[in-house]
Amino acid sequence: MATTVSQESPLSDEATVRFLRGLWQLNRRLQQDIEPLLAERQLDLRRFFILSAVRRGTQYPKALAEELQLPSTLLSRYLDQLCTLDYLERRIDTQDSRRTCLSLTPAGQTAFEAAANAIKRHTSSRLNQLSATTLTALLDAMELLGAADPAQEIKK
C-alpha cells in the first residue's frame with residue numbers, strides 16, 4: 001500500500017532537493033535526447049504538444065491555451081509557425097464566425113506521427129527499465145502531482 005506524506009510531516013530538505021534534482025536531470029536528459037528527433041521535423045516539445053492536442057480534438061485556440069497552460073500571445077506565435085510549416089490549418093468556425101478552428105493538415109499529421117514514433121522508440125528504451133508496477137506508480141504520481149496546485153488543495 002502506498003504511503004503519503006501528510007501536512008504534519010513535510011518532506012525533509014534532502015528529499016525535496018532529491019526530488020527537484022531528479023526532475024531537473026530527467027527533463028534535461030529527455031530534452032537532449034528528444035529535441036534532435038523533433039528538430040528533424042522542425043518541431044520542439046511545445047509545438048509537438050500543440051499538434052498532439054489538436055489531433056486529440058482541441059480545436060479552438062482559447063481551449064488549447066488553457067489545456068497547455070500557455071499565454072495566448074505565445075500560443076498565437078506557435079500557431080503562426082505551425083501554419084507557416086503547413087502543419088496546421090486555421091478556418092472560420094461554421095457554427096460561430098467569430099471563432100477560429102484548428103486542424104492538422106496532412107503534412108502536420110505526417111510530421112506528428114513521425115515525431116511521436118521517434119519519441120516512443122526513444123522513451124520506451126528508458127521506461128522499459130522499470131517494472132510494470134513501478135511504471136504505473138510513476139505515471140500515477142506524475143498525474144497526481146501535475147493535476148493541481150498543492151497550495152489550493154491546502155486551502156480547502
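Here is how the numbers come out for the structure above:
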| read-out | value |
| --- | --- |
| Some residue of the range 120-132 being modelled with pLDDT under 95 and within 15 Å of the chain's Cα centre (by Cα) | yes |
| Of all residues making up the range 35-67, the number that are in contact with a helix residue (DSSP H, G or I) (Cβ under 9 Å, 6 or more places away or on another chain), part of a helix (DSSP H, G or I) and without any contact (Cβ under 8 Å) to a residue 12 or more places away in the chain | 4 |
| The range 6-34, residues that are part of a loop (DSSP other than H, G, I, E, B) and in contact (Cβ under 8 Å) with a residue 24 or more places away in the chain | Gln7 |
| Index of the failed condition, Leu30 passing every other in (1) modelled with pLDDT of 90 or more; (2) of a type outside the set (Lys, Arg); (3) within 16 Å of the chain's Cα centre (by Cα) | (1) |
| Test result for Leu138, part of a helix (DSSP H, G or I), closer than 30 Å to Leu79 by Cα, hydrophobic (A, V, I, L, M, F, W, C) and modelled with pLDDT under 95 | no |
| Where Pro61 falls short, out of the listed (1) under 30 Å from Phe19 (Cβ atoms); (2) surrounded by 16 or more Cβ atoms within 10 Å (Cβ to Cβ) | (1) |
| Neighbours by Cβ (under 7 Å, 6+ apart or cross-chain): first from the range 117-135, farther than 20 Å from Gln25 by Cα and touching a residue at least 40 places away in the same chain (Cβ under 8 Å); second charged (D, E, K, R) and exposed (fewer than 11 other Cβ atoms within 10 Å of the Cβ) | none |
| Residues located in the range 90-113, provided they are surrounded by 13 or more Cβ atoms within 10 Å (Cβ to Cβ) and not in a helix (DSSP H, G or I) | Arg90, Arg99, Thr100, Cys101, Leu102, Ser103, Leu104, Thr105 |
| Members of the range 68-89 found to be modelled with pLDDT under 95, surrounded by 13 or more Cβ atoms within 10 Å (Cβ to Cβ) and not in a helix (DSSP H, G or I), listed by number | Leu70 |
| Given (1) modelled with pLDDT under 95; (2) touching a helix residue (DSSP H, G or I) at 6+ places or on another chain (Cβ under 9 Å), number of the condition Ile154 does not satisfy | (2) |
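The values are calculated or read from the model by the stated rules, or taken from the named source; none is laboratory data. Keep in mind that what you see is a predicted model, and the values were worked out from it rather than measured. Note that each Cβ is placed from the backbone with ideal geometry, even for glycine, and that neighbours are counted across all protein chains shown.
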